1. Provide a single number: the residues in the range 368-384 that are touching a strand residue (DSSP E or B) at 6+ places or on another chain (Cβ under 9 Å) and touching a residue at least 12 places away in the same chain (Cβ under 8 Å).
2. Could you look through the range 286-300, keep only residues that are in contact with a helix residue (DSSP H, G or I) (Cβ under 6 Å, 6 or more places away or on another chain) and touching a residue at least 40 places away in the same chain (Cβ under 8 Å), and pick out the one that is surrounded by the fewest Cβ atoms within 10 Å (Cβ to Cβ)?
3. Under 22 Å from residue 255 (Cβ atoms) and away from the ligand (no atom under 16 Å from the Cβ) - does that describe any residue in the range 31-54?
4. Is it true that some residue in the range 108-129 is closer than 17 Å to residue 54 by Cβ and either touching a residue at least 40 places away in the same chain (Cβ under 8 Å) or away from the ligand (no atom under 16 Å from the Cβ) (or both)?
5. What residue, of 244, 267, is modelled with pLDDT of 95 or more and either surrounded by fewer than 16 Cβ atoms within 10 Å (Cβ to Cβ) or farther than 30 Å from residue 12 by Cβ (or both)?
6. How many residues does the range 130-181 contain that are in a loop (DSSP other than H, G, I, E, B) and either within 16 Å of the ligand (Cβ to nearest atom) or in contact with a strand residue (DSSP E or B) (Cβ under 9 Å, 6 or more places away or on another chain) (or both)?
7. Does residue 26 satisfy the condition of being within 16 Å of the ligand (Cβ to nearest atom), at pLDDT 95 or above and more than 22 Å from residue 157 (Cβ to Cβ)?
8. Return only the number of the condition from (1) farther than 20 Å from residue 177 by Cα; (2) modelled with pLDDT of 95 or more; (3) in contact with a helix residue (DSSP H, G or I) (Cβ under 9 Å, 6 or more places away or on another chain); (4) surrounded by fewer than 22 Cβ atoms within 10 Å (Cβ to Cβ) that residue 11 does not satisfy.
Ligand SMILES: [Mn+2]
């Protein structure tokens, strides 16, 4: 592939894209609005300029994004279709016979010489051409975040030019061309620049591309509430609205549509809210029965702790207990950086970030765990607030004041500071696995943002991969 050496990344992207015919577009596992929206926009754009493209993401696309046009084009795996070629040097002797035999899951290729013999040095291995001649990797800080899409095709990624477009500061610049802008709120905010540079034809932008990109900007900025929102985010969003981006549809589908099972589950959680006025702790729990009777899955409990965080009056520590088979997980959020959630999580061998942490306790007794944890957190608050020893401290008040907590469908009320919601940079980064590249994510941290215990192993694996990459 020809490319002038000292041209800008944008210009290099234009040249490589122009010369490519079949393009793979990949985004990270556990896909979010930004990865999905950016990839869909690029997919549609490439099709419009006559390229063949394939969309790939290692995990299924969450239901909330089903409204996006062509989202069904995402595949969970792809075939790099590269032949392994074995080249035999026949200068000294010719081949008389070629056969293969299967030995369990091993295949022997047997080459009989006409005379004399072949030496090991006569054999060389190489790979055939892949059907893809270019890979776009979007919203990905490091290739292992692609999951098996990458790990099962490492050689393909090595031999095919990769264009890396991202906004994470931790991006490892793994591409042949890297267009990484950490000042951008989202990858979607960057994409219009890429498109404009590939083609001056303004008509290529259409309402579907605009809607896909607007979805990325809205989800990564938490509807323009997170601190990563810049004047340029608004500017790009305004342009996207201008060309027909369907902002109302995005808000309705992503933030205002809840499944009936989710509402039932929320009802159960809300009916069990406890508020300790003295120690400023709000907590609730989800039992296995709650899930069963509401018909919900653990995923659907995702947003609730953030709602509690945004709406709980005067609270400092918010906890959500979840009962699994033989373990109780607890997510901890704090309303101010002055209260270190990791210190609380540490009491129970958990971990996380200053305002979002979590831990797990081996137990089948939700009630007992709840009592024990709350007692420990009251001690923690005692020491923190009054700097006195628990024994001589305030007697434990058992009085529970049930206050009305307003649950708003909006992700966050406008006049309150952003909560650590799914779109908060901390959580985004956790999801992208790139907040603190110096150490792997712990399973406890994982519990903070995502409560699917089945994925824990994979995240631990991802963490290991990250550690290996730094070596
Ligand atoms: Mn992003």
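1. 8
2. So in the range 286-300, the residues in contact with a helix residue (DSSP H, G or I) (Cβ under 6 Å, 6 or more places away or on another chain) come out as 286-287, 290, 294-296, 300.
After this cut, where a residue has to be touching a residue at least 40 places away in the same chain (Cβ under 8 Å) as well, the list is 287, 300.
On the way: 287: 17, 300: 21.
Checked the range 286-300; the qualifying residue surrounded by the fewest Cβ atoms within 10 Å (Cβ to Cβ) is 287.
3. no
4. yes
5. Going through 244, 267 in turn, the sole match is 244.
6. Filtering the range 130-181 for residues in a loop (DSSP other than H, G, I, E, B) gives 130-133, 139-142, 147, 152-153, 160-161, 167-176, 181.
Of the ones still in play, those that are also either within 16 Å of the ligand (Cβ to nearest atom) or in contact with a strand residue (DSSP E or B) (Cβ under 9 Å, 6 or more places away or on another chain) (or both) are 130-133, 139-142, 147, 160-161, 167-176, 181.
Residues flagged as in a loop (DSSP other than H, G, I, E, B) and either within 16 Å of the ligand (Cβ to nearest atom) or in contact with a strand residue (DSSP E or B) (Cβ under 9 Å, 6 or more places away or on another chain) (or both) within the range 130-181 amount to 22.
7. For residue 26, the condition - within 16 Å of the ligand (Cβ to nearest atom), at pLDDT 95 or above and more than 22 Å from residue 157 (Cβ to Cβ) - is not met.
8. The one condition residue 11 does not meet is (1).
The values are calculated or read from the model by the stated rules, or taken from the named source; none is laboratory data. Bear in mind the structure is a predicted one, so any value in this text is a computation, not a measurement. Neighbour counts are summed over all protein chains in view; Cβ atoms, including those assigned to glycine, are modelled from backbone coordinates with ideal geometry.
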